[in-house]
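In what follows, a single structure is set out as structure tokens and then discussed.
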Amino acid sequence: MKTGEDARGARSEGSQNLGLCVLCGLPAAGKSTFARALRHRLQLEQGWAVGVVAYDDVMPNVFLEEVTARPLPSQWKLLRQELLKYLECFLLAVITGCQMSAPPSRTQAMWEDFITCLKDQDLIASAALEAQSQYLLTKTAVSRPLLLILDDNFYYQSMRYEVYQLARKYSLGFCQLFFDCSLETCLQRNGRRPQPLPAETIRLMGGKIEKPNPEKNAWEHNSLTIQSLACAPEASLKLTDLLLTALENPIKCVEDDVEQKETDRIICSTSVLHQADQTLRRIVSQTMKEAKDEQVLPYNLKLLAEDLNKLKAEFLEDLRQGNKKYLCFQQTVDLSDVISFFHFKKDNIVQKYFSKQH
């Protein structure tokens with residue numbers, strides 16, 4: 001029997017076809033409605049096993065509790081990564097033919113919601129083994145092609161790339177569906193929901209969303225833009241072709257990048273970079289504390305944290321690679337200049353969120 005570590009690259013030509021499909025787009029763009037309809041159609045027409053993992057169904061209560069409990073800017077990102085670990089547990093069980101084991105470290109409420117999600121879609125069975133945190137897969141999950149549809153906004157490419165990395169790790173199929181719905185339409189639909197998001201939250205996300213760019217990013221070549229939920233016959237054929245292509249052409253598993261490891265080692269040994277990293281982290285944490293004191297809405301706190309952490313990452317990348325996106329004013333970088341300019345860019349971001357509260 002294969003262990004979890006052995007499963008890396010263990011999939012053979014005759015093994016079960018497995019794939020991950022990422023849905024991305026603004027809130028109220030129609031992703032969840034589309035996902036449910038697509039699941040039903042693929043089950044009937046293709047005979048596949050299909051699971052829809054809606055992030056809003058698994059993570060919302062956990063997030064709201066955490067964001068009001070303490071000012072951790074990276075908490076939402078950590079929860080997303082934790083959910084990917086749950087998906088990995090399930091995929092490992094499918095690949096190895098074993099029972100699914102719960103991860104040793106988990107957020108219990110989120111894990112239970114994830115388990116319920118899989119049970120409701122006939123992918124794992126209820127059994128007495130749950131007392132030992134072991135879960136039996138159903139015949140449906142292991143006897144036919146399996147597609148997991150991940151339903152979230154995924155508005156940054158980096159969010160989608162994390163899913164791609166999981167697919168690459170286990171040689172799975174991977175594809176993306178981008179919902180090209182106008183901001184005005186999303187705002188109107190959101191307003192009709194029983195529990196609508198703040199309109200400003202959707203507007204902020206609309207200004208930040210990064211559409212799939214296959215010409216720039218080779219890993220995004222299996223992408224399709226969905227213009228209408230009606231899904232005309234031509235679009236339906238394109239979608240089926242995309243999903244078939246993804247399942248039948250899994251990403252090649254690659255070994256750990258030795259060159260990247262060496263780059264990371266050099267980066268860690270650079271004192272200026274280390275100091276900058278520590279200082280920028282403190283600035284971001286302090287800013288998030290101020291945002292909470294200003295009573296910025298919880299969902300906007302999440303967006304602000306992502307904006308600030310993205311800015312921090314871009315500054316650090318400038319220091320690592322010399323890309324000169326921000327630090328183009330001098331040949332040699334002084335830490336005080338980095339911090340000063342970071343404050344300037346950070347304040348521009350913060351104004352978008354704080355000003356809306358008054």
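The values are calculated or read from the model by the stated rules, or taken from the named source; none is laboratory data. Here the structure is a predicted model, which is why all the values come from computation and not from measurement. Positions of Cβ are backbone-derived with ideal geometry, glycine not excepted, and every protein chain shown enters the neighbour counts.
Key figures for this structure:
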item	result
Total residues in the stretch 175-232, condition among the hydrophobic types (A, V, I, L, M, F, W, C), closer than 18 Å to Phe34 by Cα and free of Cβ contacts under 8 Å to residues at least 40 places away in the same chain	2
Members of the stretch 165-197 that are under 17 Å from Asn249 (Cβ atoms), aromatic (Phe, Trp, Tyr) and in a strand (DSSP E or B)	Phe174
Segments classed as helices (runs of 4 or more DSSP H), wholly inside the stretch 55-154, with at least 3 members that are surrounded by fewer than 21 Cβ atoms within 10 Å (Cβ to Cβ) and at pLDDT below 90	60-69, 75-96
Any chance Arg160 is assigned by TED's automatic domain parsing to the domain that holds Ala54 and crowded, with 18+ Cβ neighbours inside 10 Å	yes
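To keep it simple, each residue is scored yes or no on (1) under 21 Å from the mean Cα position of the chain (by Cα); (2) not aliphatic (A, V, I, L, M).
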site: Leu150; (1), (2): yes, no
site: Arg160; (1), (2): yes, yes
site: Arg168; (1), (2): yes, yes
site: Leu172; (1), (2): yes, no
site: Thr185; (1), (2): no, yes
site: Ile202; (1), (2): yes, no
site: Pro212; (1), (2): yes, yes
site: Asn217; (1), (2): yes, yes
site: Thr225; (1), (2): yes, yes
